[in-house]
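First up is the structure itself, then whatever we jot down about it.
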Amino acid sequence: MSKIRKIIEQWFESFSLFLCRYRWWTLVIMLGLVGGLGSQLPQITFDTSNESFLHHTDPTLVAYNEFRHQFGRDDLIIIAIEPENIFDQKFLKKLVDFHEDLQDQVPYVEDITSMVNARNTRGEGDVLIVEDLLEHWPGDQAALKSLRERVMSNPQYMNRLISEDGRVTTLVIQANTFSSKGDSIESLANFDGGGGPAAGGDIVDVMEGFKEETTSVDEAQFLTDAELSAAVAQVKKVVAKYQAPDFKLYIAGAPVVTDTLKRFMIKDQKLFMRLIILTIGLCLFFMFRRLTAVVLPMIVVGSALVSTLGLMAIFKVPLKMPTAVLPSFIMAVGVADSIHILTIFYRQLTRTGKKIESIAYAMGHSALAIVLTTLTTAAGLASFSTSKVAPIAELGIFAGIGVLLALLFTLVMLPALLSVVPVKAKQWKTRTMRVSYMDELLIWISNFSTSYPKSITAVCTILVILSIFGAFQLTFTHHVLKWLPETADVRIATEKIDTTLKGSVVMEVVVDTGRVNGLFDIDILNNLESLAREIEKIKQEDLFVGKATSVADILKEIHRALNENRPEYYVIPQDPALIPQEFLLFENSGSDDLEDVVDSQFQTARFTIKVPWLDAVKYVALLEDLGDRFGRSFGDKAQVTMTGMMTILFSTVVSAIYSAAESYTIAGVVITVMVILLIGSIRIGLLAMLPNLLAISIVMGLMAVFNFPFDLFTMLIGSIAIGLAVDNTIHFMHNFRRYFAEAGDVPRAVRETLLTTGRALFVTTVVLSLGFFIYMFATMNNLFYFGLLTGLTIILALVANFFLAPALMALIHRPTHLA
């Protein structure tokens, strides 16, 4: 192995001399590559929708898309309105103005429903009348009183149009299902009212995944994230205009939550980039005290970042919530390669004063190690690539590509840049005085770790056992709303609506009878009705069902209206002959509301369940319970499919739990095998993994102790940290084996390793940990915990590599040392 290593090191020295000789050609080629990929950056997009968490081929998403094709969007913009008195002419007039302004000014709107136009079904003799609730204006107190009685006695209005106490009403906006051909992002951003495109506009091809898969021109593209954001932004403008103490407005719903997440993500991303550049720059300057040591690594890692984002744009992969960490992640991780090269380069330049020879020496000394560490980091990230959670898979792929590109630019561009820019050698005496305190610390660590190897190993073993016990207490969570700060308007509004109107999101069930006019079957309709009443009784702590509705409710409205509007006739007619007749009368009345709940052939029905926005994990048991209830009710009479936004979130939870276990296993096994192969010893390779596993297990134990969330972001810590932390181990082992082969003495080999590589490991750990601690400045709570815990893991991994790794080497090499 040592001969192979020397051959590889010599090749890197020769390669660096070649790059220095043809430095201008090298820089032109590399910068041309960066420029070509960077030209695609304007095409990068953002997607924070709930469906973006699943792959396009995921059966849950396929079923959801089929649902949207048939029934339209189920993710609604909900505006709760809390006036002093709902049944007051002043309020109702303002409500009409508010409703009409939204209708006129918000683009991409399919429908708006409020007290202004809520369906009012009534009968006059044998005539069925379906009209808007305020079609006849209540001109006096008697009319207002009558309006109140009609509203408060209508079961379909309760907790949908008005709260049970009659103090809060709603305005619900349903966006268009499909996008409009030809609308650009610029036109969305500059939209200034006018109603937006028609719902029945032209449709465009769908571009799916990051493989540039396209569908036929006959298949419609769903409303884009940018279009939905334009609608939400305009809604917020109108809401701000009408907001008043006597007209309190609360805007919520999935589109508003996802738009808020996106806006926070973009805002935080700008902050992260500024902070990471400042952090890296300051760390590099304080370590090397040279301008070139700051500028050149920035050029290298910046090139890797631009190239990675350019590839994402080419493959049409939008930035999503988990992948939002990608830019600052690549900056923090990618700069470590440059630090290792520059540490040896400047040290050798100070000794010899010969720049080109120092470049070659640094490449020969460190290039192999950074290649190996980059491969292990990429392997840790690649463990996410098989994830069933789409953005996690994309993070694994493109973060892995990013660190590999950072390696490429470090090995090719950095030597060429160093040979071009003027770099002066510094006095060795000055250098020695400046780092003496660090040297003393590193010498103390080497002496302590090799003098008390058994005690150190015993303490670490106890910590691992206790931490693993704590880690098993962790439970997964996926509460998107709690990613937002408690003061966020949409979080306050959602919690308000969940409390006063019994839910802000819905679960959908599609019942397919398998035959035309199957919904005329009285047994099917009775089952839908009985299930609704049964499901509305579900309450498990803070999880409850606020409303359950289906086509059966419309039929009950019709039946009551045709029987003198008497409340006792608000039931399913038990005469099978009446069912098609009553539906036909409803359709002839001019209302198209049946289109929202059944297909045109009365074969398939939609069953909507209104629930509060809680941790998606809490819906796991509820979804299973609902599946059992529908299965028992319909048996083989109908095919039942659970879908809707909350089902998407549930599927994300299941996929994330599976993916976490899979990625941890893959990362652990692959990286361990790589370390064994790189070190050339099974025993030493396995032992080398222990310091990193110690750090990860301690952090997971702390998560359990302090009740930190184990979610889509913090689940990344293990695989990311093991890929990064093992880099320290490889650098340590790579240099330890070199010095041990020369001296045959463990304490001396450890001391020399820490005095050379240890300094670079310390600086890269500072940069990496600070790079992750930057996420603690995020607006969103999930990024705060991700940054805190990942940064802590990286620091603990360094401590473990400085103390436990030398102790293990002292134990396994003790016979040789004693001899």
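Looking only at region 611-665, which residues are open to solvent by 30 Å² or more (accessible area, probe 1.4 Å) and outside any helix (DSSP H, G or I)?
G635, D636, K637, Q639, V640, T641, M642
Whether any residue in region 155-170 is of a type in the set (K, R), assigned to a helix (DSSP H, G or I) and either closer than 30 Å to S229 by Cβ or open to solvent by 60 Å² or more (accessible area, probe 1.4 Å) (or both) is what I want to check.
no
Which one of I730, I722, I679, I684 is modelled with pLDDT under 85 and under 21 Å from the mean Cα position of the chain (by Cα)?
Exactly one residue qualifies, and that residue is I722.
R491 versus (1) outside any helix (DSSP H, G or I); (2) at pLDDT 90 or above: which is the lone unmet condition?
(1)
Name the one entry in S387, S358 that is open to solvent by less than 10 Å² (accessible area, probe 1.4 Å) and free of Cβ contacts under 8 Å to residues at least 40 places away in the same chain.
Sole residue among the options that is open to solvent by less than 10 Å² (accessible area, probe 1.4 Å) and free of Cβ contacts under 8 Å to residues at least 40 places away in the same chain: S358.
Scanning region 440-452 for residues that are within 17 Å of T753 (Cα to Cα) and more than 42 Å from the chain's Cα centre (by Cα), which turns out most open to solvent (accessible area, probe 1.4 Å)?
Once the filter is applied, the top-ranked residue is W444.
Go through (1) among the polar types (S, T, N, Q); (2) out of contact with any Asp or Glu (no Cβ under 8 Å at 6 or more places or on another chain); (3) open to solvent by less than 10 Å² (accessible area, probe 1.4 Å); (4) closer than 27 Å to G668 by Cβ one by one and return the number of the condition S338 breaks.
(4)
Being under 14 Å from G718 (Cβ atoms) and modelled with pLDDT under 90, is that true of even one residue in region 617-639?
Within region 617-639, none of the residues are under 14 Å from G718 (Cβ atoms) and modelled with pLDDT under 90.
Based on what the data block shows, is T113 closer than 26 Å to L555 by Cα, open to solvent by less than 10 Å² (accessible area, probe 1.4 Å) and not hydrophobic (A, V, I, L, M, F, W, C)?
Working: closer than 26 Å to L555 by Cα: yes; open to solvent by less than 10 Å² (accessible area, probe 1.4 Å): no; not hydrophobic (A, V, I, L, M, F, W, C): yes.
No.
Go through region 307-354 and count every residue that is within 23 Å of S659 (Cα to Cα) and of a type in the set (S, T, N, Q).
1
For I78, work out the one condition from (1) in a helix (DSSP H, G or I); (2) buried (at least 21 other Cβ atoms within 10 Å of the Cβ) it doesn't fulfil.
Going through the list (1) in a helix (DSSP H, G or I); (2) buried (at least 21 other Cβ atoms within 10 Å of the Cβ), I78 breaks only (1).
Exactly one condition in (1) part of a loop (DSSP other than H, G, I, E, B); (2) under 32 Å from the mean Cα position of the chain (by Cα) is false for M507; which is it?
(1)
Quick one: in region 171-188, which of the residues that are in a loop (DSSP other than H, G, I, E, B) and of a type outside the set (V, I, T) is modelled with the lowest pLDDT?
Looking at the filtered set, the residue picked out is S184.
Any residue at all in region 529-540 that's in contact with a Ser or Thr (Cβ under 8 Å, 6 or more places away or on another chain), modelled with pLDDT of 95 or more and open to solvent by 10 Å² or more (accessible area, probe 1.4 Å)?
Looking for residues that are in contact with a Ser or Thr (Cβ under 8 Å, 6 or more places away or on another chain), modelled with pLDDT of 95 or more and open to solvent by 10 Å² or more (accessible area, probe 1.4 Å), one finds at least one in region 529-540, hence yes.
If we scan region 692-706, do we find a residue that is over 27 Å from I666 (Cβ atoms) and either in a helix (DSSP H, G or I) or modelled with pLDDT of 85 or more (or both)?
Scanning region 692-706 turns up at least one residue that is over 27 Å from I666 (Cβ atoms) and either in a helix (DSSP H, G or I) or modelled with pLDDT of 85 or more (or both).
Just to be sure I understand the filter: pairs with C-beta atoms under 6 Å, separated by 6 or more residues or on different chains, first member in region 489-510 and on the phi > 0 side of the Ramachandran plot, second member open to solvent by 20 Å² or more (accessible area, probe 1.4 Å). Which pairs pass?
G503/K610
Just checking, how many residues over region 463-486 are out of contact with any Lys or Arg (no Cβ under 8 Å at 6 or more places or on another chain), of a type in the set (A, V, I, L, M) and either assigned to a loop (DSSP other than H, G, I, E, B) or open to solvent by less than 100 Å² (accessible area, probe 1.4 Å) (or both)?
Of the residues in region 463-486, 6 are out of contact with any Lys or Arg (no Cβ under 8 Å at 6 or more places or on another chain), of a type in the set (A, V, I, L, M) and either assigned to a loop (DSSP other than H, G, I, E, B) or open to solvent by less than 100 Å² (accessible area, probe 1.4 Å) (or both).
Which helices (runs of 4 or more DSSP H) does region 735-815 wholly contain that include 1 or more residues that are closer than 30 Å to H479 by Cα and not acidic (D, E)?
Answer list for region 735-815: 759-773, 781-812.
Among (1) within 26 Å of the chain's Cα centre (by Cα); (2) open to solvent by less than 20 Å² (accessible area, probe 1.4 Å), there is one condition L284 misses while meeting the rest; what is its number?
(1)
So which of I370, I299, I344 is modelled with pLDDT of 85 or more, surrounded by 24 or more Cβ atoms within 10 Å (Cβ to Cβ) and either in a helix (DSSP H, G or I) or at positive phi (or both)?
I370
When region 1-13 is examined, which residues are found to be surrounded by fewer than 12 Cβ atoms within 10 Å (Cβ to Cβ) and at pLDDT 90 or above?
Within region 1-13, no residue meets the criteria.
Being of a type in the set (A, V, I, L, M), part of a strand (DSSP E or B) and under 13 Å from I79 (Cβ atoms) is the filter here; which residues of region 225-258 pass it?
L249, I251, A252
I'd like to check something: does region 741-755 contain any residue that is open to solvent by less than 10 Å² (accessible area, probe 1.4 Å), in contact with a His (Cβ under 6 Å, 6 or more places away or on another chain), under 22 Å from L278 (Cβ atoms) and not charged (D, E, K, R)? Give the derivation first.
Of all residues in region 741-755, those open to solvent by less than 10 Å² (accessible area, probe 1.4 Å) come to 746, 749-750, 753-754.
Still in the list and also in contact with a His (Cβ under 6 Å, 6 or more places away or on another chain): 746.
From what is left, the residues that are under 22 Å from L278 (Cβ atoms) are none.
There is no residue in region 741-755 that is open to solvent by less than 10 Å² (accessible area, probe 1.4 Å), in contact with a His (Cβ under 6 Å, 6 or more places away or on another chain), under 22 Å from L278 (Cβ atoms) and not charged (D, E, K, R).
Can you run down the residue pairs with Cβ atoms below 6 Å, 6 or more apart or on separate chains, where the first is in region 237-263 and within 18 Å of L102 (Cα to Cα) and the partner is acidic (D, E) and in a strand (DSSP E or B)?
K248/E82
Would you mention how many residues in region 708-733 are part of a loop (DSSP other than H, G, I, E, B) and either surrounded by fewer than 24 Cβ atoms within 10 Å (Cβ to Cβ) or not aliphatic (A, V, I, L, M) (or both)?
Number satisfying all stated conditions: 4.
The values are calculated or read from the model by the stated rules, or taken from the named source; none is laboratory data. Given the structure is predicted, the values throughout are model-derived calculations rather than measurements. Glycine also receives a Cβ, built like all others from the backbone with ideal geometry; neighbour counts cover every protein chain displayed. With ligands, DNA and RNA removed, areas are computed over all heavy atoms of the protein, side chains included. Shrake-Rupley method; radii C 1.70, N 1.55, O 1.52, S 1.80 Å.
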